[in-house]
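The block underneath contains the structure these notes are about, expressed in structure tokens.
The values are calculated or read from the model by the stated rules, or taken from the named source; none is laboratory data. Since we're looking at a predicted model, the values are computed, not measured. As a convention, Cβ positions derive from the backbone with ideal geometry for all residues, glycine included, and neighbour counts pool all protein chains shown. Side chains included, ligands, DNA and RNA excluded: accessible areas come from the protein's heavy atoms. Shrake-Rupley method; radii C 1.70, N 1.55, O 1.52, S 1.80 Å.
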Amino acid sequence: MESPTQYIDGFVAAVPTANKAAYTAYARQAVALFKKHGAIRLVECWGDDVPPGEITSFPMAVQCQDDETVVFSWIVWPSKAVRDAGMAKVMADPDIQAMDPMPFDGKRLIYGGFEIIVDE
């Protein structure tokens, strides 16, 4: 099977558990903004079974506190070129300034771009 051309941005964050509704509202605003600039899909996942680790784990990676929940999310783009252009447009879009403030500590957000190598 030929490698897909889609490109993924992945994110892991620690969100105060009490901010679940605010985070969901924030994510819904982000969906519209990212899709406006070329994203195909945005998925947000609220941690349900995210065990702490002894050497590595999602909670350790984002320094998750007892009153926080790990969130795992991703954005699907048609290609890396569309992602690069789309991300630049998102960051320059005045609508991003109108969004509610991030309901979590953005300094502990982990993110990266990924080329799909298997998609079956």
Go over the candidates Asp119, Asp84, Asp95 one by one and state the one that is surrounded by 10 or more Cβ atoms within 10 Å (Cβ to Cβ), among the acidic types (Asp, Glu), outside any strand (DSSP E or B) and touching a residue at least 60 places away in the same chain (Cβ under 8 Å).
-> Asp95
Identify, please: which residue in segment 84-113 is touching a Leu at 6+ places or on another chain (Cβ under 7 Å) and farther than 17 Å from Ser73 by Cβ and is, among those, modelled with the highest pLDDT?
-> Asp93
Looking only at segment 1-52, and only at residues there that are in a strand (DSSP E or B) and either of a type in the set (D, E, K, R) or open to solvent by 50 Å² or more (accessible area, probe 1.4 Å) (or both), the one that is nearest to Gly112 (Cα to Cα) = Asp9
Long-range neighbours under 9 Å by Cβ, at least six apart or interchain, first residue in contact (Cβ under 8 Å) with a residue 24 or more places away in the chain within segment 17-31, second open to solvent by 60 Å² or more (accessible area, probe 1.4 Å) and of a type in the set (Phe, Trp, Tyr) | Lys20/Trp46; Tyr23/Trp46
